[in-house]
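The values are calculated or read from the model by the stated rules, or taken from the named source; none is laboratory data. Please read all numbers here as calculations on a predicted model, not as lab measurements. Glycine gets a Cβ as well: all are built from the backbone with ideal geometry, and neighbour counts include every protein chain shown. Heads up: the accessible areas ignore ligands, DNA and RNA and are worked out on the full protein's heavy atoms, side chains in. Shrake-Rupley method; radii C 1.70, N 1.55, O 1.52, S 1.80 Å.
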Amino acid sequence: MTETTERWDSMYDEDTAPWVIGRPQPAIDELERAGGFTGRVLDVGCGAGEHTILLTARGHDVLGVDFSPSAVGFARRNAEAKGVPEARFAVADALAIDPRSTGAYDTVLDSALFHIWGTEPERRARYVRSLHGALRPGGVLRLLALSDAEPGFGPRIGADIVRGAFTDGWQLVSLEPARYLGRVTPVVADNVAGLAVSPEGLVDAAAWIAEIRRS
C-alpha cells in the first residue's frame, strides 16, 4: 500500500466518518432498482459496507474492498448485524487493485472515493488506471461523487474533473446531478455551518452520478 491507513482507521475506530450514515445512499439504492448492476460487482472504497450489503441481499455477486482494515472490520460487523453475513469484504488499495483481478468485474461501484483525489491529478490517474484494469472490456463504472455545484462538505469536484479523468479507454455514457447524504461529525462540523441538517444529523449535499464504460 502506498500510504498509512491511520487516518482512515481512526474515523471508523472513533465513529467519526461522515459517510457512515447507517444505510445505503438513496441514489445507489435507486440505481440498483433500475438494473444498474450486472454480473460480478466490485464495491471499491466500500467503507461501512452498506452498498455491498445491499447488493448481496438482492442477489448480486459482489466484493467490497477498502484501504482501511478498520473499515473492513466495521463492514463485516455491519453485515452480521443486518442479517447478511455472506457479504464479502477484503482489504485492498484502490490505487493498485490486485492484478489477479484484471478484467474480472462487470460493474464497479465507487460511492464517494474518486472525489478525494480532486486536487491530486497523479493519484487520480493511478486510480483510473486501476479501475480500468479491474473491469472487463465493456464493463461499467458507477460513480457517485460530491459536487461543487453548491456549498457542502468534504472534497467536492466539478464535472470537468470527471470528464477529464475518463478519456482514453473509457466512454462517458452519462453524467448527471444527484444527491448525497452525509453525517455531521467533528470531521466536517466546520464545513456544514449554515446548511440544513435533518433530525437524524444528516446533510443532503449536491453530487454527480455517472455511468462510465470501459472501452
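A few points about this structure:
- Of the residues making up segment 147-200, those that are aromatic (F, W, Y) and either within 27 Å of G22 (Cα to Cα) or in a strand (DSSP E or B) (or both) are F153, W170, Y180.
- Selection within segment 159-203 - more than 17 Å from R213 (Cβ to Cβ), open to solvent by 90 Å² or more (accessible area, probe 1.4 Å) and at pLDDT 95 or above: D160, P177, R179
- Scope segment 118-135; condition in a helix (DSSP H, G or I) and either touching a strand residue (DSSP E or B) at 6+ places or on another chain (Cβ under 7 Å) or without any contact (Cβ under 8 Å) to a residue 12 or more places away in the chain (or both); matching residues: P121, E122, R129, L131, H132, A134
- Segment 16-35, subset touching a residue at least 60 places away in the same chain (Cβ under 8 Å) and either open to solvent by 50 Å² or more (accessible area, probe 1.4 Å) or assigned to a helix (DSSP H, G or I) (or both), residue farthest from A178 (Cα to Cα): W19
- Of all residues in segment 171-215, those satisfying the criterion of being free of Cβ contacts under 8 Å to residues at least 60 places away in the same chain and under 19 Å from the mean Cα position of the chain (by Cα) are L172, V173, S174, L175, E176, P177, V203, D204, A205.
- Only one of the numbered conditions (1) open to solvent by less than 50 Å² (accessible area, probe 1.4 Å); (2) touching a residue at least 40 places away in the same chain (Cβ under 8 Å); (3) within 25 Å of G169 (Cβ to Cβ); (4) assigned to a loop (DSSP other than H, G, I, E, B) is not met by G103, and that is (2).
- Within segment 54-69, the residues that satisfy the criterion of being without any contact (Cβ under 8 Å) to a residue 60 or more places away in the chain, of a type outside the set (A, V, I, L, M), crowded, with 22+ Cβ neighbours inside 10 Å and not in a helix (DSSP H, G or I) are G64, D66.
- Segment 70-97, residues that are open to solvent by 60 Å² or more (accessible area, probe 1.4 Å) and either in a loop (DSSP other than H, G, I, E, B) or touching a Lys or Arg at 6+ places or on another chain (Cβ under 6 Å) (or both): K82, P85, E86
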